[in-house]
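This report concerns only the one structure given below.
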Ligand code: SF4
């Protein structure tokens, strides 16, 4: 299973809650989310990444899984 993250910085309202997953999300100079790490999400990081997506008030973080 391959898990990937996409972010929509256009939806981001800069709440910063996604920084609960350090190493994946940060806020750029315009105060909008930047995805720091692309590619498959290792299993040990899935909890933090899922928390970030769930907490995001703008639904700007999408997590998708596909069979590899
Ligand atoms: S939690 Fe959502 S709205 Fe807040 S900075 Fe992260 S992506 Fe943007």
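The values are calculated or read from the model by the stated rules, or taken from the named source; none is laboratory data. Bear in mind the structure is a predicted one, so any value in this text is a computation, not a measurement. Note that each Cβ is placed from the backbone with ideal geometry, even for glycine, and that neighbours are counted across all protein chains shown.
For the reader, a short list of remarks on this structure follows.
- Restricting segment 1-25 to residues that are more than 9 Å from the ligand (Cβ to nearest atom) and exposed (fewer than 14 other Cβ atoms within 10 Å of the Cβ), the residue that is farthest from residue 47 (Cα to Cα): 10
- If you filter segment 44-58 down to residues that are touching a residue at least 40 places away in the same chain (Cβ under 8 Å) and farther than 22 Å from residue 2 by Cβ, you find that the one that is surrounded by the fewest Cβ atoms within 10 Å (Cβ to Cβ) is 57.
- Apart from one condition, residue 49 fits all of (1) at pLDDT 95 or above; (2) farther than 23 Å from residue 68 by Cα; the exception is (2).
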